[in-house]
1. Condition first: closer than 19 Å to H244 by Cβ, in a loop (DSSP other than H, G, I, E, B) and within 16 Å of ligand 2 (Cβ to nearest atom). Now tell me which residues in region 363-399 satisfy that.
2. Determine which member of the set Y51, Y76 is in contact with a strand residue (DSSP E or B) (Cβ under 7 Å, 6 or more places away or on another chain) and not in a loop (DSSP other than H, G, I, E, B).
3. What about A300, is it buried (at least 23 other Cβ atoms within 10 Å of the Cβ) and either on the phi > 0 side of the Ramachandran plot or not polar (S, T, N, Q) (or both)?
4. Output the number of the condition that M1 fails; it satisfies all remaining conditions of (1) in a helix (DSSP H, G or I); (2) exposed (fewer than 11 other Cβ atoms within 10 Å of the Cβ); (3) at pLDDT below 95.
5. Which condition number does V427 fail, the rest of (1) within 16 Å of ligand 3 (Cβ to nearest atom); (2) in a loop (DSSP other than H, G, I, E, B); (3) surrounded by 19 or more Cβ atoms within 10 Å (Cβ to Cβ) being met?
6. Quick one: in region 227-245, which of the residues that are surrounded by fewer than 17 Cβ atoms within 10 Å (Cβ to Cβ) and under 30 Å from P285 (Cα atoms) is farthest from ligand 3 (Cβ to nearest atom)?
7. For a quick check of your reading of the model, give me the residue pairs whose first member lies in region 281-299 and is touching a residue at least 60 places away in the same chain (Cβ under 8 Å), whose second is in a helix (DSSP H, G or I) and basic (K, R), with beta-carbon atoms closer than 9 Å and at least 6 apart or on different chains.
8. Out of the residues in region 26-43 that are part of a loop (DSSP other than H, G, I, E, B) and in contact with a strand residue (DSSP E or B) (Cβ under 8 Å, 6 or more places away or on another chain), state the one that is surrounded by the most Cβ atoms within 10 Å (Cβ to Cβ).
Amino acid sequence: MKLTQSDFQKRRDQLAAEIGLRSIAIIATREEMFRNRDADYKYRADSSFFYLTGFAEPEAVAVIETFDTEEEGYTYSLFCRERNREMEIWTGYRAGIDGAVDDYDADEAYAIDLLDEEIIAKLQGKERLFYRIGQQASFDAKITKWIAEASGESRRGTAAPTQLIQLDTILDEMRLHKEPKEIELMQIASDISAQAHTQAMKSVRPGMMEYALEAELNYIFGKNGCVPSYNSIVGGGENACILHYVENNKQLNDGDLVLIDAACEYEFYASDITRTFPVNGKFNPEQKALYNIVLDAQIAAIDAVRIGNSYKEPHYVAVRILVQGLLNLGIMQGDLDEIIETEAYRQFYMHGTGHWLGMDVHDVGAYKVDGEWRTYQEGMVVTIEPGLYIAPDDETVDPKWRGIGIRIEDDIVVTQDGPRNLTAKVVKTIEDIEALMAS
Ligand code: GLY
Ligand code: MN
Ligand code: MN
């Protein structure tokens with residue numbers, strides 16, 4: 001399954017309608033990035049640029065222009081690299097100017113080298129310039145220069161834009177509300193990621209290195225044509241208490257848990273899964289007790305992802321269950337409401353319960369509207385990822401609990417029928433994990 005040009009065109013139609021008449025929107029893709037010396041990172045187009053164009057090459061800029069009347073519609077121009085036989089031998093195929101028109105439905109296509117020149121003409125007669133302010137310093141500087149140049153030209157009688165408007169406000173809102181096809185792509189990414197976690201549970205052995213387990217995940221991602229949607233976390237034992245642990249270079253020990261937060265993106269759509277399981281296939285009593293608290297919190301939090309609920313509701317639900325669990329085990333003492341009120345629980349649960357998910361793992365979309373947490377609407381996708389982390393050197397707790405870190409994370413779509421879990425295919429109850437690992 002792939003998005004087609006008609007999907008991208010509908011998005012451009014919507015954007016053109018949102019910017020109104022006598023407006024211009026300029027959207028640049030990401031720059032290429034070097035890893036070291038002249039070895040570069042594999043290129044990944046900017047999500048919002050791809051969202052509107054389906055164009056994955058570097059050095060490209062899309063321009064949407066509207067005119068004096070609605071009848072004139074809008075023009076979509078794509079500035080991109082020209083075909084170049086010699087360069088294509090080194091770095092691969094380019095769509096070129098003809099491809100931009102024929103395959104990417106541009107009304108007008110230009111060599112990227114002509115951007116400076118052409119954009120000044122396009123700015124003439126426009127009142128508003130919509131631009132993704134603050135995404136790339138080098139492009140911010142170009143915009144400023146173009147506005148100045150276009151204003152200079154305006155002495156000859158044509159107007160230049162007098163309003164510079166943050167385009168991301170519109171694009172982020174569009175991307176926050178997923179179309180059915182986007183959910184389908186996220187389901188594919190989720191299925192592949194679920195398969196990778198299942199493979200990790202089956203293949204882990206005491207003594208294995210964390211990176212060897214990471215390789216099991218990467219094999220599943222790669223052979224399905226995917227790349228990780230973020231750096232994989234494979235943390236054995238107390239490494240699970242380091243929230244952004246990505247070294248993945250220690251040995252996995254018999255008796256420890258391993259926390260894997262890893263997932264892939266498929267056709268530009270991400271998934272995000274965490275599972276925590278025993279290296280030797282059997283949870284010990286302390287691991288079991290803490291795990292079941294996190295699992296209860298996660299299941300209840302997922303159930304709170306319902307149309308009309310506040311974005312924060314799953315967090316409040318999760319925190320209450322986590323704190324009650326810690327009180328029951330004697331890891332915390334005191335009054336439930338007071339611990340929640342003072343946020344004393346942050347000693348063991350110091351991150352939020354989720355984030356928007358989409359083309360980016362930490363996807364775009366405002367969390368608050370007019371100062372209030374926004375409410376869930378159909379087509380939003382959120383992760384639900386509560387955890388508990390008992391620091392290895394935390395002397396306030398009995399040593400038997402120290403160094404245990406647990407997180408469980410699934411990807412949830414808001415639907416009319418309630419929460420839909422995209423990542424349910426990877427097991428998460430103790431019973432199911434132990435059965436899978438024993439098989
Ligand atoms: N994997 C990043 C996150 O869970 O937020
Ligand atoms: Mn996440
Ligand atoms: Mn994650």
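1. D363, E385, P386 - these are the residues of region 363-399 that are closer than 19 Å to H244 by Cβ, in a loop (DSSP other than H, G, I, E, B) and within 16 Å of ligand 2 (Cβ to nearest atom).
2. The unique qualifying residue is Y76.
3. no
4. In the conditions (1) in a helix (DSSP H, G or I); (2) exposed (fewer than 11 other Cβ atoms within 10 Å of the Cβ); (3) at pLDDT below 95, M1 misses (1) alone.
5. (1)
6. So, considering only residues that are surrounded by fewer than 17 Cβ atoms within 10 Å (Cβ to Cβ) and under 30 Å from P285 (Cα atoms), the one farthest from ligand 3 (Cβ to nearest atom) is I242.
7. Cβ pairs passing all conditions: E286/K400; A297/R320.
8. Only one residue fits best here, namely T29.
The values are calculated or read from the model by the stated rules, or taken from the named source; none is laboratory data. If you're wondering where the values come from, they're calculated on a predicted model, not measured in any experiment. Backbone-built Cβ (ideal geometry, glycine too); neighbour counts: all protein chains shown.
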